[in-house]
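K.L.:
Take a look at the following structure, please.
Each reported figure results from applying straightforward, stated rules to the coordinates on display, with no laboratory input. These numbers were taken from a predicted model, which means no experiment stands behind them. Glycine gets a Cβ as well: all are built from the backbone with ideal geometry, and neighbour counts include every protein chain shown.
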């Protein structure tokens, strides 16, 4: 499905290209950043291509921030996005920021002919629409040219001998100058978020991935580490886009995953946040290992059998565990909150997440769990001083 985020003229160009009705179109004309973001992230699994007009948001900085968020939360969308940047000059700093998010040849100035040309090329390359057959030009016969006779070449000179200085003749000063000093280590101590399920197949892995995607959407480096030996999920069989780095580290849909708990030590120096998936809480040999992490999350269910399993977690609650209930209908949530009693302030409900490699967009839930962490200022775009006719003053 081709999603068009922009004014009516941009959507009209896409509809004109679809005169054969070869693909589906959904239009989002927008009524604010949060509304547009919610609609796109909720239907992310249906998006094949995105046409994004920066004029959809009245503030150009907010429009670019929204595009940056989409490129982080929807895997691979940056390669399938066309940005309409009308009235932005070639030397505009905003245009340079856009080219850091999407390929430069996917940025168009004209929302009419140029947009249709670029979108038609992308859809033809992906096999969504069929290209128009063009007659091949007939070439005039060319007379065979006589092959040139190669000229004799002189043999190359022999290589000069390499002079090697014996170690006994190398001075201490010269030897020290040849030493290569190791690169300084990056000082980084990752925050560890522990996620455990009250039972098996209750959604712990899904919530661990959603928390990781939320943290990444804020601009931080994050990874998921499988802590339970019985929870080594075959991620490479779930997605065709798995990149293997070694036997313990792979990347699926843009998210780093480790299947060995011994990787925590190295991960603390490489990432800002580590999301530790402990699997089923009852399978833990040392619950203290789970409790010593910075942020604690327990995933529970509302079925009678699942409620009994949550008792093991409640028994060791130190006053900081956050409880996420999965698969609970809206009508049953008040009863669940009443049963949690003194834990109600730390009890939340997760919506349906069919693909846990796509972020659900539930910032309110994961923001409360992580303590409303702020966006990483080192990766946020600086506000430019240029003013445009659609930018709010």
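K.L.:
According to the square roots a ≥ b ≥ c of the eigenvalues of the Cα gyration tensor, what is the shape class of the stretch 6-48, taking rounded for a/c under 1.5, prolate for a/b larger than b/c otherwise, and oblate for the remainder?
P.N.:
oblate
K.L.:
How many angstrom lie between the C-alpha centres of the stretch 1-29 and the stretch 91-108?
P.N.:
Spelled out, the Cα-based centre of one part sits 22 Å from the other.
K.L.:
So, one more: Counting only the backbone N, which residues of the stretch 49-71 are under 14 Å from the spot 7 Å out from the Cα of residue 130 toward its beta-carbon?
P.N.:
none
K.L.:
For the stretch 191-369, evaluate the Debye formula with one uniform point scatterer on each Cα (no solvent term) and list log10 I(q)/I(0) at q = 0.08, 0.13, 0.14 Å⁻¹, rounded to two decimals.
P.N.:
For the stretch 191-369, the Cα-only Debye profile gives -0.23, -0.62, -0.72.
K.L.:
How would you rank 36-49, 357-370, highest first, on the average number of other Cβ atoms within 10 Å across their residues?
P.N.:
357-370, 36-49
K.L.:
Please state, to two decimals, what the Cα-based radius of gyration of the stretch 2-125 comes to when divided by 2.2 N^0.38 Å (N = residues).
P.N.:
0.96
K.L.:
Of the listed peptides 208-219, 282-293, 69-80, 112-123, what is their order by residue-averaged count of other C-beta atoms within 10 Å, with the highest listed first?
P.N.:
Sorting 208-219, 282-293, 69-80, 112-123 by mean packing, highest first, produces 208-219, 69-80, 112-123, 282-293.
K.L.:
Here's a follow-up. Arranged from highest to lowest average of other beta-carbon atoms within 10 Å per residue, in what order do the peptides 304-313, 193-202 appear?
P.N.:
In descending order of packing, they fall as 193-202, 304-313.
K.L.:
In nm, give the distance between the simple-model label positions of residue 104 and residue 242, each being 7 Å from the Cα along the Cα-to-Cβ direction.
P.N.:
Simple spin-label model gives 3.7 nm for this pair.
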